[in-house]
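To start, the structure itself, in C-alpha cells.
The values are calculated or read from the model by the stated rules, or taken from the named source; none is laboratory data. Keep in mind the model is a prediction, meaning the values are calculated, not measured. Note that we place each Cβ from the backbone using ideal geometry, even for glycine, and neighbour counts take in every protein chain shown.
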Amino acid sequence: MAAEESQYLLGYPASDAYQRVQNRKLYLATFAAVLGPLSFGFVLGYSSPVIPELRKINDPTLRLDSSQASWFGSVVTLGAAAGGILGGYLVDKVGRKLSLMLCSIPYVSGYVVIISAQNVWMLYFGRILTGLASGITSLVVPVYISEISHTKVRGMLGSCVQLMVVTGILGAYIAGITLKWHWLAVLCSFPPCIMLLLMSFMPETPRFLLNQNKHAEAIASLQFLRGPYVDHEWECRQIKANVEEENSRMASVVVGAVQVCFTAVAALIIDKTGRKVLLYISGIIMAVSTALFGLYFKMVLPHGNNSSNADLCFTLNSVSPGTENSLSWLAVVSLGLFVAGFALGWGPVPWLVMSEIFPLKARGISSGVCVLTNWVMAFLVTKEFHDLIALISYGTFWLFSAFCCLSVTFTAFYVPETKGQTLEQIEAHFRRS
C-alpha cells in the first residue's frame, strides 16, 4: 500500500501530494508556536492598565511620573529591536525550535524582575527583557510556522501570528481591569511557560534539519507533522530542490519584523492619535497596497490568462520572466505596505473598539458575534481566493482594495471615537444616538 501511494504521489503536483495528510499534530505544533505571539501581545498590552496604577502607587520608589510612564511604555520596543537582531542569529545557529524555547527565559525573567522591582530602573529592565523575548518571537514564529506547514494551510496558519498578538493585547486590557499590576505580570508569564513545555515535544522544522544534513531527523519530523500516509521522501526532495522556498522563508522574516514594528507603534500611539485616525490610515494604506498588487499582476501576467486555470501556482508561474524580474520591487513594496497598514490599524484596533463600545449586558454575546463574523469572513477569503483568481485574475486584488476603501467610509460615518472616554460615556453616547 505504501509503495502504491508513493508511486501515485510522485506523479502528481504538490496540491495532490497533500490530500492524505493528517493535520492534527501540525495544528498542535502551530498552537505551541503561536503562544509566543500571544506572549508578545501581553507584553504590548501590559503597560496600558499598569501605568495608571503605578502612577498612583503608595511606594515612592516605584511611583511613575509622566516621563517615567512614557519610558515604561516605550522601552519595550528597544528590547524588541535588539531581540530581532538576536533572533536573526539564533534562528539559523541553533534552530527554530530551540530559539522559541529560549524565548521563554527572558519572558519569564522579565516578569520576575518587574514583580520583585525595588525601583523604577528594575521596572525598565523587566520591560526590556520582555521586549527582547518579543523581538525574537516575532522573527522566529513566522519562520517556524511557514517551514512546518504545507501549501494548503500555510496561509491560514501564518495569519494566526497577528491574531494572537492582538488577542494578547486585548487579554492584557481585560485582565488589567481586575488584576493588580504584579498579579497581571504573573498571568502574563503563563503563556511563555506553556510554550516552553509544549515546544519541548514538538519537532524541529524539516527545512532546518535538511540544511544541517540531518536527513533521518527531517523524515521523522515530517512523519510527525504529516502523518504516515504521505510520501515523506518526496517532500524532502522538493525541499532540497526548490531553492526559491528559502526566499519564501526570508519573506516571512521580513513580514514578521514589519508586524512587530507597526503593531508596537499602534500600541504606543493609539491613546494619543485616537482609534479612528489609525483606522483611516490603515485602511488607506491597505487600499493602496492591494491596488498596487493588482497592478503588478496585471503587468506581469500574459493577456488572456484570466480564467484558464484555477490553480494559483499555475497562473503565477506563467508570468513573463523579464517583466517579473524588473517589477519584483513593486510586489515587495505592496506586501510590506499591506502588512504595515494592517498591523497599524485594522489588525489591533477593531478588537479594542469591540471591547469598548458594547454595553455590559450585551458585551459577551455581541463580542461573540463579532468574533464569529471575523472568522467566517476569514474562512471565505481563504477558501474562495483561488476561485477569485481563476475568475477575475488580478482584479481580485482590486476587489480587496475596494473593500478597504469601504472600511474607511464605514469608519467615517459609523465608528465612534472612544479615545479618552470612559466605558460609561461611550455607552451613554449610544443611548443618545
Given the criteria surrounded by fewer than 18 Cβ atoms within 10 Å (Cβ to Cβ) and closer than 28 Å to L225 by Cα, does Q118 qualify?
no
Taking the stated definitions as given, is N317 surrounded by fewer than 17 Cβ atoms within 10 Å (Cβ to Cβ), within 21 Å of S401 (Cα to Cα) and either modelled with pLDDT under 80 or touching a Gly at 6+ places or on another chain (Cβ under 9 Å) (or both)?
no
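Please specify each residue of the stretch 154-180 satisfying the condition of being closer than 21 Å to R24 by Cα and either among the charged types (D, E, K, R) or assigned to a helix (DSSP H, G or I) (or both). Working first, answer last.
In the first step, residues of the stretch 154-180 are kept if they are closer than 21 Å to R24 by Cα; the result is 154-161, 163-164.
Matches in the stretch 154-180: R154, G155, M156, L157, G158, C160, V161, L163, M164.
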Suppose we filter L123, L132, L98 for residues that are more than 29 Å from W346 (Cβ to Cβ), at pLDDT 85 or above and under 22 Å from the mean Cα position of the chain (by Cα); which single one remains?
L98
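Determine whether P206 is without any contact (Cβ under 8 Å) to a residue 60 or more places away in the chain and more than 30 Å from I357 (Cβ to Cβ).
On the way: without any contact (Cβ under 8 Å) to a residue 60 or more places away in the chain: yes; more than 30 Å from I357 (Cβ to Cβ): yes.
So P206 fits the description; yes.
I want to confirm something. Restricting to the stretch 279-314 and keeping residues that are of a type in the set (V, I, T) and crowded, with 19+ Cβ neighbours inside 10 Å, which single residue is modelled with the lowest pLDDT? Quick ask: steps written out before the conclusion?
If we filter the stretch 279-314 for residues that are of a type in the set (V, I, T), which is where we start, we get 281, 284-285, 288, 290, 300.
When the remaining residues are screened for being crowded, with 19+ Cβ neighbours inside 10 Å, the result is 285, 290, 300.
Numbers: I285: 92, T290: 91, V300: 77.
That would be V300.
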Being free of Cβ contacts under 8 Å to residues at least 12 places away in the same chain and part of a helix (DSSP H, G or I) is the requirement here; does Y89 meet it?
yes
Which pairs do you get when a residue that is buried (at least 23 other Cβ atoms within 10 Å of the Cβ), found in the stretch 93-109, comes within reach of a residue that is assigned to a helix (DSSP H, G or I) and aromatic (F, W, Y), reach meaning Cβ atoms under 7 angstrom, with the pair 6+ apart or on two chains?
R96/Y144; R96/F208; L100/Y144
